[in-house]
Amino acid sequence: MTAELGLAALWLAAALAALQLLSGALAVRAGDDGGEIAKLTRPAAVLQGVLAGFAFLMLLWVFAVTDLSVKLVASNSHSMKPMIFKLSGAWGNHEGSMLLWVTVMALAGALIAGIERRLPERTMQATLSAQGFVALGFYAFLLLSSNPFERLPVPAVEGLGLNPLLQDIGLAFHPPTLYFGYVGLSIAFSFAVGALITRQVTPDFASAMRPWVLGAWVFLTLGITAGSYWAYYELGWGGWWFWDPVENASLMPWLAATALLHSASVLAARDALRAWTIMLGVVAFSMSMVGTFLVRSGILTSVHAFAVDPERGTFILFLLALYIGGALLLFALRAGTVSEGERFSVASREGALVFNNVMLSAILAIVLLGTLYPLLTEAFDVRVSVGPPYFNPVGAIFVVPMLLVMAVGPLLRWRQDGFGRISRELAAIGALILAALILVSLIGDVDLLPLLGLALAPGLAVASFLPLRGRILRRLPIATWGMVVAHFGIAVALFGMASESAFSEERLAAVQIGERTDVGPWTIELDGVAPVAGPNWTAIEGRLSASYGGGEPRILRPQARNFWAPPQETAESVLATRWNGQLYAVIGNEAGDGRWQLRLWWKPFVTFIWYGGILIALGGVLALIGRVVGDVKRRTVRRKVAARRKEALA
């Protein structure tokens, strides 16, 4: 009965989403406080979240016990899998991942309904109604075309298992973090639509939306960072980013969310960039929907993609057109009612943020075009490949000026300023970038883009801390620390990317047992090869002794695994990490004459990529804490002031 209970909970949650949509819409139309109708919207949202959460728990249960009478379990699990991969199998497929999406969306809607009190009630009703509208489409998609609780006529004898490449602890947590990010953007979308409907695009609206954008941005940052590291060590090809369409599907919402985050902050603090904030709220969710379509339409071939039938891809395309087309139409109809807000000069912090928003939008357009263009040409039987030769140089045209303005922007004042006031800081940043440029040029022959990255990184790192100069650090707002840490994280990640690209060395060798080979400063000796077995795989494991610069050797054990449920070969790389980089080793097949294939890389400072990603996310967390604490303090002050006025009048 577990599957039937989960399915029943989904149907009831869908009915409550419809009630949330209708009651919210009627309350908005009724005006004022909406009367008795408005009282239904919040309880419907809360109960919907409870039911969706219960449905997902039922899915986790059937995977945990390997209920092979459920089609999804039989297709994506196996009784011999470790428990962590049984549970991650619940969202490591199309139907389960969509149920996770809907569950997180419903729980977020319940949280908004339960705690949000800053917006006027009419705008809150419009927001919850929009959220119900979005959720209802996904419930329809699940229940009509992607039922995760479908039973088999006859239970399977054994499950088919999960893709071995996904049987990794990193992939157990990578999808949920991305979904939290996507769903956070759906909340921002609902806030934007609600504000447009009621014509109340105000700082209070931005303050209510900003924590959700920040949370979404943090989770997207962590998800992209984790996914990049998973691809790096799990796929065995030594790359951390390949401009794969599904990688781009997560990058595009992050770019839009970054721009939205800055616009919402300006609107909340300075009552400017109103139209920018609304438009970016729509665009950010649009990009998450585009990513959903790419991953689940079956038009992509990728280890990340859920190749499903075209009918379900058409359903998602219909939802994309309905939500985004409707929101853009609403924006076009109401754009005239959205005032521009407070004015500011070009030489101001707002001006810098607008410039970087334009750059982020341009980068987003470049990635979107490069992702969709091969799909369009393939429809005409023309196959083209769009990869780093396009993305890297074209994107750099906009990334470089964006990074330069990012270094300067936090030093400017709000509203109006002049560059003369910060001429010393500008000179110091410029001198540091120039010195780094000359130094790297003297070190060796480095390509232009890595050279620019290595030159900009130290300038950005120093510039990120300049806003702290002359201030009492213990009195700084937490949100300011968040900005500093996030910007410093970008400098760290940029340094790692540029170093890996400029200085990586690769060695392909076929060696006998006892033979040595070199890559960079490392000497690697093959000590032996032996068969090993795991819970659902067998492998050939190499034993390598790796010494850095003639020092004490480290023992590395790369594997070539053979999974039998489902049958697949994978390369399990091993990493030897130092402060200044990583040795990356993969063992292949026997090459004959007792030789074994080894593929080795020395990647200087590659770990800084992921250190930077963690710092960026940490900066977002600090900013989120600071904003929430600040909002609580402001509401407390307002309540005290109101109480004193009431006492004075009495």
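Here are some notes:
- Among the criteria (1) of a type outside the set (Val, Ile, Thr); (2) touching a Phe, Trp or Tyr at 6+ places or on another chain (Cβ under 7 Å); (3) closer than 23 Å to Ala135 by Cβ, the one Ala55 does not fulfil is (2).
- Flag: Ala156 matches the condition of being of a type in the set (A, V, I, L, M), surrounded by fewer than 22 Cβ atoms within 10 Å (Cβ to Cβ) and in contact (Cβ under 8 Å) with a residue 60 or more places away in the chain.
- The set of residues from segment 567-587 being open to solvent by less than 20 Å² (accessible area, probe 1.4 Å), of a type outside the set (A, V, I, L, M, F, W, C) and closer than 17 Å to Gly542 by Cα comprises Thr570, Tyr584.
- Residue, modelled with the lowest pLDDT, within segment 588-608, restricted to residues that are more than 26 Å from Gly496 (Cα to Cα), assigned to a strand (DSSP E or B) and open to solvent by less than 60 Å² (accessible area, probe 1.4 Å): Gly592
- Any hit, segment 225-241, residues being in contact with a helix residue (DSSP H, G or I) (Cβ under 8 Å, 6 or more places away or on another chain), closer than 25 Å to Arg638 by Cβ and buried (at least 20 other Cβ atoms within 10 Å of the Cβ): no
- No other residue among Arg507, Arg543 is open to solvent by 60 Å² or more (accessible area, probe 1.4 Å), basic (Lys, Arg), assigned to a strand (DSSP E or B) and within 28 Å of Gln167 (Cβ to Cβ) apart from Arg543.
- Test: residue in segment 492-502 that is farther than 17 Å from Ala407 by Cβ, charged (D, E, K, R) and in a strand (DSSP E or B): no
- Residue that is nearest to Val102 (Cα to Cα), among those in segment 31-85 that are charged (D, E, K, R) and surrounded by fewer than 18 Cβ atoms within 10 Å (Cβ to Cβ): Lys39
- Leading residue by the ranking (surrounded by the most Cβ atoms within 10 Å (Cβ to Cβ)) among those in segment 451-479 that are assigned to a helix (DSSP H, G or I) and not hydrophobic (A, V, I, L, M, F, W, C): Gly453
- Residue satisfying all of: in segment 1-21; open to solvent by 80 Å² or more (accessible area, probe 1.4 Å) and in contact (Cβ under 8 Å) with a residue 12 or more places away in the chain; nearest to Leu144 (Cα to Cα) among these: Trp11
Residue-by-condition table, conditions (1) under 24 Å from the mean Cα position of the chain (by Cα); (2) at negative phi; (3) in a helix (DSSP H, G or I):
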site: Met105; (1), (2), (3): yes, yes, yes
site: Ala108; (1), (2), (3): yes, yes, yes
site: Ala113; (1), (2), (3): no, yes, yes
site: Arg117; (1), (2), (3): no, yes, no
site: Gln125; (1), (2), (3): no, yes, yes
site: Val134; (1), (2), (3): yes, yes, yes
site: Phe138; (1), (2), (3): yes, yes, yes
site: Leu144; (1), (2), (3): no, yes, yes
site: Pro148; (1), (2), (3): no, yes, no
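- Scoring Leu448 on the criteria (1) within 22 Å of Ile609 (Cα to Cα); (2) open to solvent by 40 Å² or more (accessible area, probe 1.4 Å); (3) in contact (Cβ under 8 Å) with a residue 40 or more places away in the chain leaves a single failure, condition (3).
- Boolean, Ile438 is aliphatic (A, V, I, L, M), over 25 Å from His262 (Cα atoms) and open to solvent by 30 Å² or more (accessible area, probe 1.4 Å): yes
- In this structure, Gly550 does satisfy being open to solvent by 20 Å² or more (accessible area, probe 1.4 Å) and at positive phi.
- Some residue of segment 630-638 being within 28 Å of Ser499 (Cβ to Cβ) and open to solvent by less than 20 Å² (accessible area, probe 1.4 Å): no
- Qualifying residue in segment 146-158 (condition: polar (S, T, N, Q), within 25 Å of Leu320 (Cα to Cα) and modelled with pLDDT under 90): yes
- The listed residues are Gly370, Gly341, Gly409, Gly387, and the only one of them that is in contact with a helix residue (DSSP H, G or I) (Cβ under 9 Å, 6 or more places away or on another chain), in contact (Cβ under 8 Å) with a residue 60 or more places away in the chain and surrounded by fewer than 18 Cβ atoms within 10 Å (Cβ to Cβ) turns out to be Gly387.
- Residue within segment 253-276 that is among the β-branched types (Val, Ile, Thr), touching a residue at least 40 places away in the same chain (Cβ under 8 Å) and under 30 Å from Leu583 (Cβ atoms) present: no
The values are calculated or read from the model by the stated rules, or taken from the named source; none is laboratory data. This is a predicted model, so every value here is computed, not measured. Heads up, the Cβs are rebuilt from the backbone with ideal geometry, glycines too, and the neighbour counts pull from every protein chain shown. Note: areas computed on protein heavy atoms with side chains; ligands, DNA, RNA excluded. Shrake-Rupley method; radii C 1.70, N 1.55, O 1.52, S 1.80 Å.
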